[in-house]
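The values are calculated or read from the model by the stated rules, or taken from the named source; none is laboratory data. Computed from a prediction, not measured in an experiment: that's the story for all the values here. We place every Cβ from the backbone using ideal geometry, glycine too, and count neighbours over all the protein chains shown.
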Amino acid sequence: MEFYELADGLKVPKVGFGTGGLKGSSGAAAVANAIRAGYRLIDTAYNYENEGAIGQAIRQADVPRSELLIESKLAGKYYAKAEALDAIQESLYRAGLDYFDIYLLHWPNPIKDMYVEAWDALIEAKKRGLVRAIGVANFVPAFLDKIEEETGERAVINQIPLNPDIPQFETRAYDDAHHILTEDWSPLGGPRSHFFNREVLVEIAEKYNRTVGQLVLRWEIQHGTLPIPKSTNVDRQKSNLELFDFTISAEDMASIAATADEEARKLYPDPTVYEQF
Ligand code: A2P
């Protein structure tokens, strides 16, 4: 495994495991398998309603807590500061953990406009030792600027949808310029992925003797971003980690980005108007 170093010094693996929708015993078993397969960064959220299953997976997998990085996200309904601090503790109780390694604001919810107050709560949670590193998800540059201007503290991670259908040139460039790590949700296009059979991707993947899944994840890592693929299948969980013994040429990197499907792009919410609580 290779690692990125966040602006606050925390080292994170270049690929993590996504868990949205993995719940109950089968969800816990899938996450435990992922940990056994070698994933060390596990992403969850209050609103995935699976923090209990993640805690169960951690206990089942028998890997020391200190070797794992567990990341969760604050739900928009708890952006008032006191409620946020209670919700983070509730997240921890659900997972049976004493601290999260990373905690994010799940959505900016700009119409409700409470994300600065919620950010202040994450700063406080870090001071209290409930979380080690703090960041955001689905933020555009203007919102990232605002939290920094109003609190003096910058996010160290911005988790956004990123894959060949939504290459995120603008937000990625901003994140890079501000030492904010871009983490990719839906790195394989989610359950209704539009690109696994795309001819250009199949041809390039064959050239490197890789699957399209591996090609796309490697493309994301070569952009300096951190994909969190999800799979319930042990073989795919393993193959999605085998990304560090090949390099995509600059020409192929560009060809992959050029396949973006504008229709598929519309499946991703616009965070400047979308709200989720
Ligand atoms: P499965 O659980 O059957 O492997 P994302 O990570 O973008 O949210 O995408 C997750 C979806 O992609 C899941 O439906 C998962 O199905 C599928 N998937 C994960 N890894 C691969 C892969 N290497 N090749 C094809 N499909 C994959």
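For the reader, a short list of remarks on this structure follows.
- Those residues of the stretch 233-255 which are outside any helix (DSSP H, G or I) and of a type in the set (A, V, I, L, M, F, W, C), in sequence order: 241, 243, 244, 246, 248
- Of the residues making up the stretch 258-277, those that are more than 16 Å from the ligand (Cβ to nearest atom), among the acidic types (Asp, Glu) and in a loop (DSSP other than H, G, I, E, B) number 2.
- Every listed requirement among (1) more than 15 Å from the ligand (Cβ to nearest atom); (2) over 24 Å from residue 71 (Cα atoms); (3) in contact with a Ser or Thr (Cβ under 6 Å, 6 or more places away or on another chain) is met by residue 198 save one, (1).
- Within the stretch 240-257, if we keep just the residues that are within 13 Å of the ligand (Cβ to nearest atom) and over 18 Å from residue 164 (Cβ atoms), the residue that is surrounded by the fewest Cβ atoms within 10 Å (Cβ to Cβ) turns out to be 242.
- Residue in the stretch 178-193 that is closer than 17 Å to residue 239 by Cβ and away from the ligand (no atom under 11 Å from the Cβ) present: no
- Annotation: of all residues in the stretch 117-153 being basic (Lys, Arg) and in contact with a strand residue (DSSP E or B) (Cβ under 9 Å, 6 or more places away or on another chain), the one that is nearest to residue 100 (Cα to Cα) is 132.
- When residues of the stretch 146-175 are limited to those that are assigned to a helix (DSSP H, G or I) and polar (S, T, N, Q), the one farthest from residue 266 (Cα to Cα): 151
- Subset of the stretch 33-50 that is touching a residue at least 40 places away in the same chain (Cβ under 8 Å) and in a strand (DSSP E or B) - its residue that is nearest to residue 238 (Cα to Cα): 41
- Only one of the listed residues (96, 16) is on the phi < 0 side of the Ramachandran plot, modelled with pLDDT of 95 or more and not polar (S, T, N, Q). That residue is 16.
- Looking only at residues of the stretch 211-232 that are more than 10 Å from the ligand (Cβ to nearest atom) and not in a helix (DSSP H, G or I), we find that the one that is nearest to residue 18 (Cα to Cα) is 226.
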